[in-house]
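K.L.:
Following this message is one structure expressed as structure tokens.
The values are calculated or read from the model by the stated rules, or taken from the named source; none is laboratory data. Since we're looking at a predicted model, the values are computed, not measured. A quick note on method: Cβ atoms are made from the backbone with ideal geometry, for glycine too, and the neighbour counts reach across all protein chains shown. Surface areas here come from the heavy atoms of the whole protein model, side chains and all, with no ligands, DNA or RNA. Shrake-Rupley method; radii C 1.70, N 1.55, O 1.52, S 1.80 Å.
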Amino acid sequence: MTTLAPVHSSGSALPVVVEAVELHRVAMPLVRPFETSFGRQTAREVLLVRVITDAGDGWGECVAMADPVYSSEYVEGCADVIRSYLAPALLEAGTVRAADVASVLDFVIGHRMAKAAVETAVLDAQLRASGTSFGEYFGAVRPEVDCGVSVGIAPDLDSLLAEVAGYVEEGYRRIKLKIKPGWDLLPVAAVRALLGPEALLQVDANTAYTIADIDHLRELDAFGLLLIEQPFVEEDIAAHVRLARAIDTPVCLDESITGTRVAIDAIERDATSIINIKAGRVGGYLEAIRIHDACLERDVPVWCGGMLETGIGRAANVALAALPGFTLPGDTSASNRYFAEDLTESFVLVDGRLAVPAGPGSGVTVRTELVEEWKSRPTQLITRA
Ligand code: SMG
Ligand code: MG
């Protein structure tokens with residue numbers, strides 16, 4: 001695959017008219033519980049948006065969790081804001097391109113995960129109609145992406161080491177450990193000893209610490225970590241500046257980065273030297289690409305975060321992770337790390353990498369029979385008033 005210029009403004013940007021919006025809810029059991037500093041999940045409650053347009057259908061996966069514990073958004077809230085505000089606005093908008101969706105929805109403050117799902121569904125419909133893949137449209141420069149895996153807080157060190165050893169065996173190119181006060185230095189030391197000094201290892205606190213912990217967090221410097229992700233609350237950029245000055249381990253922001261302006265501000269203030277890009281968190285793939293571009297311009301490495309997506313969201317993430325600035329392995333793991341069976345064809349790890357889908361739109365086929373079979377709430381149909 002050669003380097004492709006992004007094609008946002010070529011024939012793939014033919015507008016569509018959205019005729020109806022469907023909201024689907026699916027409960028997907030996880031193959032193993034996933035515990036973070038904010039709680040333990042045993043299933044993924046998924047919200048899917050399907051747009052029905054004059055040019056065909058498109059799908060988007062909303063990354064919000066069932067509860068507002070990672071961010072203020074949550075599944076029921078997203079479904080409500082889409083049904084009450086976003087879908088009606090889109091249905092009234094007439095012909096739209098994905099690149100217009102953000103401005104159509106701009107009258108609603110925040111709700112970025114809900115907006116991202118809607119924009120992605122429109123993009124999928126638009127690109128399927130023009131035969132263009134997400135990868136081509138985004139400006140992907142590689143046919144496959146390096147993958148890491150995010151490892152939850154375990155009941156004890158032995159089970160953590162067994163889980164990590166399994167992922168190493170499968171070929172993952174980077175390990176990320178979830179940490180919280182009381183589960184940090186010991187598990188990190190044990191996993192570093194297991195992996196050896198060269199392996200890529202990083203940690204994610206999901207805001208579980210405060211500035212009173214800076215001296216403690218400095219002890220992580222002993223383990224040669226790639227980065228520490230989001231130790232402090234979302235709004236506290238200043239605390240991350242203080243930490244970055246105090247430790248050698250690079251600080252990476254996740255929750256705090258809600259858009260390009262915040263990203264540039266955090267970089268300029270030296271609060272972060274690496275950024276975790278999640279399209280859902282920032283309002284969509286087009287904003288994610290703008291953050292990528294701003295980081296590339298400033299020599300700030302980025303990597304693709306994950307929100308336990310099904311194959312629908314994963315397809316778009318893998319395409320995003322193929323952009324040139326994504327120089328670190330992402331939380332883009334194979335389908336079997338999460339689910340016994342996926343809602344699309346499975347993403348399979350080959351030599352620690354996932355292939356970027358090459359077909360039109362997201363490039364994957366939604367298994368609508370499974371969406372129906374596993375549905376956890378009635379499907380909602382929103383049409384023009
Ligand atoms: O998709 O593999 C995945 C999960 C990656 O750790 C992950 N995501 O803060 O980066 C993060 C978390 C957010 C979701 S935790 C339920
Ligand atoms: Mg994170």
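K.L.:
Suppose we keep just the DSSP beta bridges with both residues in the chain; what percent of those would be antiparallel, to 5?
P.N.:
Just about 60 percent of them are antiparallel.
K.L.:
Further, regarding this structure: Among DSSP beta bridges lying fully in region 135-355, give the percent that are antiparallel, nearest 5.
P.N.:
20 percent
K.L.:
Same structure again: According to the Kirkwood expression over distinct Cα-Cα pairs, how big is the hydrodynamic radius of the chain, in Å?
P.N.:
When all Cα pairs of the chain are included, the Kirkwood radius is 20.9 Å.
K.L.:
Let me see the P(r) profile for region 232-385: every Cα-Cα distance counted, bins of 10 Å, each bin given as a percent of all pairs.
P.N.:
10, 34, 30, 19, 7, 0
K.L.:
What is the packing order of peptides 186-197, 86-97, 108-119, taking the mean over residues of other C-beta atoms within 10 Å and listing the highest first?
P.N.:
Highest-to-lowest ranking by the protection proxy: 108-119, 86-97, 186-197.
K.L.:
Working from Cα positions, state the angle (0 to 90°, nearest 10) between the long axis of helix 311-320 and the longest principal axis of the chain.
P.N.:
70 degrees
K.L.:
Going Cα to Cα from LYS180, which lysines come in below 25 Å? Please leave out same-chain ones fewer than 8 positions away.
P.N.:
Cα-Cα hits under 25 Å: LYS278.
K.L.:
If you find the alpha carbon centre of region 188-232 and of region 8-61, how far apart are they in angstrom?
P.N.:
Here the answer is 33 Å between Cα centres.
K.L.:
On to the next question. Per DSSP H run of n ≥ 4, the term is -39500 (n - 2.57); total these for the chain, divide by its residue number, and report the mean residue ellipticity at 222 nm rounded to 500 deg cm²/dmol.
P.N.:
Result for the chain, helices only: -9500 deg cm²/dmol.
K.L.:
Would you work out which of ALA102, CYS78, VAL17 lies farthest towards the positive end of the dipole of the chain, given +1 charges on the beta-carbon of Lys and Arg and -1 on that of Asp and Glu, about the Cα centre?
P.N.:
Working it through, the farthest residue towards the positive pole turns out to be VAL17.
K.L.:
Given +1 on the Cβ of Lys and Arg, -1 on the Cβ of Asp and Glu, and no further charges, what dipole in debye does the chain carry about its Cα centre, rounded to the nearest 20?
P.N.:
320 debye
K.L.:
Ok, one more. Is the C-alpha gyration tensor of region 135-355 telling us rounded, prolate or oblate? Criteria: a/c under 1.5 is rounded; beyond that, a/b larger than b/c is prolate, otherwise oblate.
P.N.:
oblate
K.L.:
From the backbone phi of region 269-276, what are the Karplus-calculated ³J(HN,Hα) couplings (6.51 cos²θ - 1.76 cosθ + 1.60, θ = phi - 60°) in whole Hz, Gly and Pro given as x?
P.N.:
For region 269-276, the Karplus curve yields 8, 6, 7, 8, 10, 8, 10, 8 Hz.
K.L.:
Any idea of the accessible area per residue across the chain, 1.4 Å probe, to the nearest Å²?
P.N.:
I get 39 Å² per residue for the chain.
K.L.:
At what distance in angstrom do the alpha carbon centres of region 327-385 and region 244-305 lie from each other?
P.N.:
When both Cα centres are located, 25 Å separates them.
K.L.:
Could you compute the net charge surrounding VAL356? Neighbours are other residues with a C-beta less than 13 Å from the C-beta of VAL356; K and R count +1, D and E count -1.
P.N.:
My count for the surroundings of VAL356 gives 0.
K.L.:
Moving on. Compute the angle between helix 237-246 and the longest alpha-carbon principal axis of the chain, please, reported from 0 to 90 degrees and rounded to the nearest 10.
P.N.:
Value to nearest ten degrees: 30.
K.L.:
With all protein chains present, how much of the accessible area of the chain (probe radius 1.4 Å) comes from carbon and sulfur, to the nearest whole percent?
P.N.:
52 percent
K.L.:
Using C-alpha positions alone, give me the convex hull volume of region 34-94 per residue in cubic angstrom.
P.N.:
Spread over its residues, the Cα hull of region 34-94 gives 82 Å³ apiece.
K.L.:
Run the quick spin-label model on ARG384 and VAL17: label points 7 Å from Cα toward the beta carbon, then report their separation in nm to one decimal.
P.N.:
According to this spin-label approximation, the distance is 0.6 nm.
K.L.:
With axes computed from alpha carbons, what is the tilt in degrees of helix 185-195 against the longest principal axis of the chain, rounded to the nearest 10 within 0 to 90?
P.N.:
The angle comes out near 80 degrees.
K.L.:
Estimate the FRET efficiency between VAL31 and THR365 by the formula 1/(1 + (r/R0)^6), using the beta-carbon distance for r and 22 Å for R0, to the nearest 0.05.
P.N.:
0.50
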